[in-house]
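The block underneath contains the structure these notes are about, expressed in structure tokens.
Each value in this text was obtained by applying a stated rule to the coordinates, not by laboratory testing. Everything quoted here is computed from the prediction, not taken from an experiment. Cβ: placed from backbone, ideal geometry, glycine included. Neighbour counts: every protein chain shown.
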Amino acid sequence: MSEKNAVSINDVDKIFNETRDDEVTALSNIDLTIKEGEFVSLIGPSGCGKSTLLRLIGDLLEPTQGSVEVFGKSAHQARIDQDYGMVFQHAGLFDWRRVSANIELPLELHGWSKSDRATRSQEMLDLVKLPDFGGYYPRQLSGGMQQRVSIARALSFKPKLLLMDEPFGALDEMTREHMQIELLRIWEETGTTVVFVTHSIPEAAFLSNRVVVLSPRPGQVHSVIDVDLGQRTESTRQDPKFFAAATEIREALRAVEEQE
Amino acid sequence: MKTAKATRVFFTVVFVIIFLVLLWEGYKWMGQQNDDHWPGTNFGLPIATNDTIMPHFVDVVGELTAEIRDGRSSMPMYAFLLKKAWFTFQEAAIGFILGLTIGMGLAVLMSRWKISERGLLPWINVSQTIPLIALAPVVVTWGRNQGLPDLFSISLISTYLTFFPVAVSGLRGLQSPDAAHVELMHSYAASWRTTLFKLRLPAARPYLFPALKLAGSLSIVGAIVGEISIGRKTGLGRAILEYALRYAIFPERLYASVIGAAFLGLMVFGMINLAERFFMRRTREVAS
Amino acid sequence: MNLATFKSRASVLWPPVVIGIGILALWESAVVLFKIQEFLLPKPSSIWVELLENWEVLRHASWETGKISLGGLAIGIVTGVAFAFFATLFRFFNEGLTPLAVAINATPIVALAPIFNAWFGVTGSVSNQLVVATVVFFPVFINTAKGLTEVHVNEIELMRSYAAGDWTILREVRIPNALPFFANALRVVAPLSVIAAIVAEYFGGPQDRVGYVITWNAGLARYDVAWAAIAVASAFGLSLFVGALLIERVSTPWKSAVQLEETTKK
């Protein structure tokens, strides 16, 4: 983990429908820095603005006030420079493209040659353990397989930052735990920074270096919890340190609820 | 939010209508100025702009209040059109109800047995490529032989057009519940009939209403076309045909009767939309 | 074709074939058994005889009507798609235009035929082609515009995360998304174009077209010839319908791809 900042969010407010009757303050006074190579989870009850925060980092939304910097430049420039990849809860694969063509989509838009694209998409399929599925259409695959393709697509151009919006939210528990291990392996192999939105306490505890707990209405940072579980394997899930981290997150979330 | 959208739609509609009227009158004016040629050229306009081919918009509207003769009596044009529209509406309504019944019957039959779906569905699709509408005169002759009024015979043409969307969308709707819902009904030891009434039919509503809107407008088309080929004392379709034949004398009347047919279509469409709101108060829409 | 695919195709084909033959047999025997008069419902066999007898007239008439429906189909599809793109580019118009188009589509558009005849003359084919084109336009426009605009929000966000512009989003997301909607509309309008062409002929026009042949023969009580003309027109409409199905198959291959079996999952 380097000391350079991957993301720095400075005193950000986000207000939707400003000056209208249905004005909503989604985020208020957010200050947060994420170091390069870090795995940070955003957790909180629904309506706390965790997805909004993720979209501010990705420049899919603009802050009403304050600034968002990604790798030392504006979030907008970072998007133009393609510094991050994004994964959604629903894999969001294009039905009309075969699996390999889905992975190649960002490469195509970046003007890669056909042979380079083919090589990279095969590498990515190997990385997510789906080496033989390039020729299928997304609808032919199971939900877990689709989500792995979606991760492969996000990683295909080797972004330095991965933004994940509840990526495993729609998967069953077994697939989910399996995907978590896979994600950690990919994270270690590629050294990317990950910002991970979730509403699952064990998931946040298991994956993250740091867990940011948000409180709702307006969305604010309630607390930041450091987690250090070292090298994680399936047996880490029985580790007292894991339980301790999960308990700490749970207590923070309870405090958030009582605050309301 | 909803009212804002409704206002926007309303204003677009008004805007489009005003735009079309201005386009109509502007084109007519331009043609009149340049002897039916594009200004400054020798290219003729595609549509002549004299008062027979393109009457003024105000004349068409004004014609609605003109006294016209209907048989021995005389009445204002709008009353005449309303009378004709009522007749056409009755034909369409009978056709619609018959089409709904037959269409739903087929949908239930096809959802009950997979084999009946495989056998019937292709033929239901094929049925709409058969222009049976062309046989309206035969249907009416047949109806008269059976002692049926022409009104009913014409509505059979409507039925032929309306059963199709109901059958196809009804089948999709009846098949729409998840396996989990069907299994839930199984777990209650519910009969096929109970499952139909408690699960499949309610689940089919969001699929059915778009089909009913289509069927509603098709029932009007069927009635109008059915009238064209037979019977003097029928509805709007016949009025349109007769004014088409006397176009040279009363061009405004043809336009007025076509606009009347359009309004009838819109009215039926509106009625089905209201019915949809009523029956779908507590459900959400699905993409169809 | 191996045995398995042959078997699966046969299992799709035999029920409609059996029912089709059944309907014809029932029809034929009902006419014979119940002594139904020919003018009410001719036997399929006598329709077939008349079809062969009048083949030249029918072939010519259906070709003339076919040209009108094909021409109208082409004009209606091109303008419908063009307007759909227009409505997508100018979002403001779309919010008002689509409900308007849906409402107009609910009106009996074929009633415009006499007006178009007055404008463009009854002797040529322009007038009737434009009636067909108007009938075809609305379903094509409504469906294509729907497909172009009703795109999943994640797909747009994904493209924006790639810093893709509106044009790229149109090409990569909106157009592929609209293809199934367009194909759906095509399936509806293909047979509709034949029916609209025949109905438009009721309001006058040249006498060598199917609509006229049907009404003329029906008027002379030669119902078996009228039915034969209907059969020819149906065959034409059916082939357009099958063509639309083929276009749908070819242009949206992902729709017909089969879900993988559970066993192949890892």
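Give the percent of DSSP beta bridges with both residues in the protein assembly as shown that are antiparallel, rounded to the nearest 5. Before the final figure, lay out each step's value.
Working: 26 of 44 bridges.
Taking every DSSP beta bridge with both residues in the protein assembly as shown, the antiparallel ones total about 60 percent.
What net charge do the residues around B:Leu151 carry, taking every other residue with its C-beta under 13 Å from that of B:Leu151, with Lys and Arg at +1 and Asp and Glu at -1? All intermediate terms of the calculation are to be shown ahead of the outcome.
Numbers: positive: B:Lys84, B:Arg144, B:Lys233, B:Arg238; negative: B:Glu91, B:Asp150, B:Glu227.
With Lys, Arg at +1 and Asp, Glu at -1, the neighbours total +1.
Kindly express, to the nearest 10 degrees and within the range 0 to 90, the angle between helix A:173-190's C-alpha long axis and the longest C-alpha principal axis of chain A.
Taking the Cα atoms of chain A, the angle to A:173-190 is about 80 degrees.
Please compute one quarter of the surface area of the Cα convex hull for chain A and express it in square nanometres.
Its average projected convex-hull area is 14.5 nm².
Under a 5 Å amide H to amide H cut-off, with H placed in plane at 1.01 Å, what residues pair with C:Ala164 once short-range neighbours are removed?
The answer is none.
Can you tell me the dipole magnitude for the stretch B:1-54 around its Cα centre, using point charges on the Cβ only (Lys, Arg +1; Asp, Glu -1), in Debye to the nearest 20? It would help to have the intermediate numbers written out before the result.
Numbers: 4 positive and 4 negative charges, 123 e Å.
Roughly 600 debye for the stretch B:1-54.
Using alpha-carbon pairs under 8 Å, 6+ residues apart, how would you state the relative contact order of chain B in percent?
Values: 338 pairs, mean separation 60.0, N = 288.
Here the relative contact order equals 21 percent.
Please sort by residue number the GluC sites (Glu not before Pro) in the stretch C:167-266 whose DSSP state is loop and whose Cβ has at most 10 other Cβ atoms within 10 Å. The partial results should precede the final answer.
On the way: sites: C:Glu172, C:Glu201, C:Glu248, C:Glu261, C:Glu262; in loops: C:Glu261.
Here the sparse-neighbourhood loop sites are C:Glu261.
Given R₀ = 60 Å, what would the calculated FRET efficiency be for B:Ala180 paired with B:Met267, taking r from the Cβ atoms and rounding to 0.05? If you can, show how the numbers build up before the last one.
Working: r = 41 Å, r/R0 = 0.69.
Once rounded, the FRET efficiency stands at 0.90.
Can you give me the C-alpha center-to-center distance between the stretch A:219-241 and the stretch B:87-135, rounded to a whole angstrom?
Cα centroid of the stretch A:219-241 versus Cα centroid of the stretch B:87-135: 62 Å apart.
Can you list residues from other chains, or at least 5 along the same chain, whose modelled amide H is less than 5 Å from the amide H of A:Met86?
Counting only residues 5 or more places away or on other chains, the set is A:Leu163.
Once the other residues with Cβ under 14 Å from the Cβ of B:Ile133 are scored (Lys, Arg +1; Asp, Glu -1), what is the net sum? If you can, show how the numbers build up before the last one.
Working: positive: none; negative: B:Glu91, B:Glu227, C:Glu201.
Around B:Ile133, the surrounding residues sum to -3.
Quick one: net charge around C:Pro139, please, counting Lys, Arg +1 and Asp, Glu -1 for every other residue with C-beta under 11 Å from its C-beta.
Numbers: positive: C:Lys146, C:Arg187; negative: none.
Counting the neighbours of C:Pro139, the net charge comes to +2.
Could you work out how far apart the two model spin labels at C:Ile156 and B:Arg8 are, taking each label as a point 7 Å from the Cα in the direction of the beta carbon, and quote it in nm?
Output for this residue pair reads 1.1 nm.
Read phi for every residue in the stretch C:210-222 and hand back ³J(HN,Hα) as whole Hz from Karplus 6.51 cos²θ - 1.76 cosθ + 1.60, θ = phi - 60°, with x for Gly and Pro.
Calculated HN-Hα couplings, in order: 4, x, 5, 4, 5, 5, 4, 5, 5, x, 8, 6, 8 Hz.
May I ask for the distance between the Cα centers of the stretch C:122-194 and the stretch C:195-256, given as a whole number of Å?
Cα centres, the stretch C:122-194 to the stretch C:195-256: 25 Å.
Which order do the peptides C:68-78, B:10-20, C:187-197 take when ranked by the mean count of other beta-carbon atoms within 10 Å per residue, highest first?
C:187-197, C:68-78, B:10-20
Measure out, as a whole number of angstrom, how far apart the alpha-carbon centroids of the stretch B:183-256 and the stretch A:94-114 sit.
Result: 46 Å between the Cα centres.
Pairing the Cα long axis of helix C:3-33 with the longest principal axis of chain C, what angle in degrees results, from 0 to 90 and rounded to the nearest 10?
Once rounded, the angle reads 30 degrees.
Rounded to the nearest 20 Debye, what is the dipole magnitude of chain A about its Cα centre when Lys and Arg each give +1 and Asp and Glu each give -1 at the C-beta? Present the calculation step by step, with values, prior to reporting the outcome.
On the way: 28 positive and 40 negative charges, 165 e Å.
Using only the charged Cβ atoms, the result is roughly 800 debye.
Just tell me how shielded C:157-170 is by partners: mean number of partner chain Cβ atoms within 10 Å of each residue's Cβ, no decimals.
Values: counts 8, 13, 4, 6, 14, 11, 11, 3, 1, 0, 0, 2, 0, 0.
Averaged over the peptide's residues, the number is 5.
Given the C-alpha atoms of the stretch C:42-252, compute the convex hull and give its volume per residue in Å³.
Values: hull volume 27.5 nm³, N = 211.
In the stretch C:42-252, the Cα convex hull volume per residue is 130 Å³.
Sort A:Arg153, C:Arg249 so the one with the fewest other Cβ atoms within 10 Å of its own Cβ comes first.
On the way: A:Arg153 28, C:Arg249 12.
With the fewest neighbours first, A:Arg153, C:Arg249 line up as C:Arg249, A:Arg153.
When the chain is fully extended, how far beyond the present Cα-Cα distance does C:Ala221 get from C:Ser256, taking 0.36 nm per residue of separation? Numbers along the way, then the final one.
Numbers: separation 35, 0.36 × 35 = 12.60 nm, distance 4.74 nm.
The span from C:Ala221 to C:Ser256 would gain 7.9 nm if fully extended.
Please give every one of the aspartates and glutamates within straight-line cross-link reach of A:Lys14, meaning a C-alpha to C-alpha distance under 17 Å, and leave out same-chain neighbours fewer than 8 residues apart.
In chain and number order, the partners are A:Asp22, A:Glu23, A:Asp31, A:Asp59, A:Glu62, A:Glu69.
To test your reading of the geometry: what angle, between 0 and 90 degrees and rounded to tens, separates the Cα axis of helix A:240-259 from the longest principal axis of chain A?
Roughly 50 degrees between the two axes.
Apply the Karplus parameterisation 6.51 cos²θ - 1.76 cosθ + 1.60, with θ equal to phi minus 60°, to every residue of the stretch C:50-65 and state each ³J(HN,Hα) to the nearest whole Hz, in sequence, with x for glycine and proline.
Going residue by residue, I get 5, 4, 5, 4, 9, 3, 4, 4, 5, 4, 4, 5, 6, 5, 4, 5 Hz, with x marking Gly and Pro.
222 nm [θ] for the protein assembly as shown, helices only, -39500 (n - 2.57) per DSSP H run of 4+, per residue, to 500?
Numbers: 31 runs with 507 residues, N = 814.
Mean residue ellipticity, 222 nm, calculated: -20500 deg cm²/dmol.
Could you give the spread of the C-alpha atoms of the stretch B:1-54 along their three principal axes, from largest to smallest, in whole angstroms?
Per principal axis, max minus min of the Cα coordinates gives 52, 23, 15 Å.
Hey, which aspartates and glutamates would be in cross-link range of A:Lys241, C-alpha to C-alpha under 17 Å, not counting anything within fewer than 8 residues on its own chain?
The qualifying aspartates and glutamates are A:Glu203, A:Asp226, A:Asp228, A:Glu251.
Trypsin sites (Lys or Arg not before Pro) within the stretch B:32-135: which are DSSP loop residues with at most 12 other Cβ atoms inside 10 Å?
Details: sites: B:Arg69, B:Arg72, B:Lys83, B:Lys84, B:Arg112, B:Lys114, B:Arg118; in loops: B:Arg72.
The qualifying sites are B:Arg72.
Sort B:Leu100, A:Leu93, B:Leu121, B:Leu274 so the one with the fewest other Cβ atoms within 10 Å of its own Cβ comes first.
Working: B:Leu100 22, A:Leu93 26, B:Leu121 17, B:Leu274 10.
The fewest-first ordering by Cβ neighbours comes to B:Leu274, B:Leu121, B:Leu100, A:Leu93.
Return the long-range amide H neighbours of A:Gly66 (sequence gap of 5 or more, or a different chain), with a cut-off of under 5 Å between placed amide H atoms.
Under 5 Å from the amide H of A:Gly66 lie the amide H atoms of A:Asp13, each far enough along the sequence or on another chain.
So in chain A, what percent of DSSP beta bridges are antiparallel if you round to the nearest 5?
Values: 21 of 39 bridges.
Here the antiparallel bridges make up roughly 55 percent for chain A.
Cα-Cα over 22 Å: which of A:Lys158/C:Lys255; B:Lys198/C:Lys255; A:Lys4/A:Lys158; B:Lys114/C:Lys43; A:Lys73/A:Lys158?
On the way: A:Lys158/C:Lys255 31 Å; B:Lys198/C:Lys255 31 Å; A:Lys4/A:Lys158 18 Å; B:Lys114/C:Lys43 31 Å; A:Lys73/A:Lys158 18 Å.
Listed pairs above 22 Å: A:Lys158/C:Lys255; B:Lys198/C:Lys255; B:Lys114/C:Lys43.
So between A:His199 and A:Val24, what do we pick up on full extension, going 0.36 nm a residue minus the alpha carbon distance? Provide the component values of the computation, followed by the final result.
Values: separation 175, 0.36 × 175 = 63.00 nm, distance 2.16 nm.
Going from the current span to full extension adds 60.8 nm.
Of B:Gly170, B:Ser153, B:Pro206, which is farthest along the charge dipole of the stretch B:150-219 in the positive direction, counting Lys and Arg as +1 and Asp and Glu as -1 at C-beta?
The residue sitting most towards the positive pole is B:Pro206.
How many percent of all Cα-Cα pairs in the protein assembly as shown sit more than 48 Å apart? All intermediate terms of the calculation are to be shown ahead of the outcome.
Numbers: 117702 of 330891 pairs.
Roughly 36 percent, rounded to a whole number.
Counting only complete DSSP H runs, which helices of chain B cover 15 Å or more along their long axis at the Cα atoms and score a mean Kyte-Doolittle of -0.5 or above? Mind showing how you got there, number by number?
On the way: long enough: B:2-33 (46 Å, 0.79); B:77-112 (51 Å, 1.14); B:114-127 (20 Å, 0.06); B:150-174 (35 Å, 1.21); B:201-228 (39 Å, 1.14); B:251-279 (43 Å, 1.05).
Those that clear 15 Å and a mean of -0.5 are B:2-33, B:77-112, B:114-127, B:150-174, B:201-228, B:251-279.
Let me spell out the model: positive unit charges on the Cβ of Lys and Arg, negative unit charges on the Cβ of Asp and Glu, origin at the Cα centre of the stretch A:68-137. What dipole size does that give, in debye rounded to 20? Please list the in-between numbers first.
Values: 8 positive and 10 negative charges, 22 e Å.
The calculated dipole for the stretch A:68-137 is roughly 100 debye.
Please arrange A:Asp228, A:Asp95 by how many other C-beta atoms lie within 10 Å of their C-beta, fewest to most. Before the final figure, lay out the partial values.
On the way: A:Asp228 9, A:Asp95 18.
Least crowded to most crowded, the residues run A:Asp228, A:Asp95.
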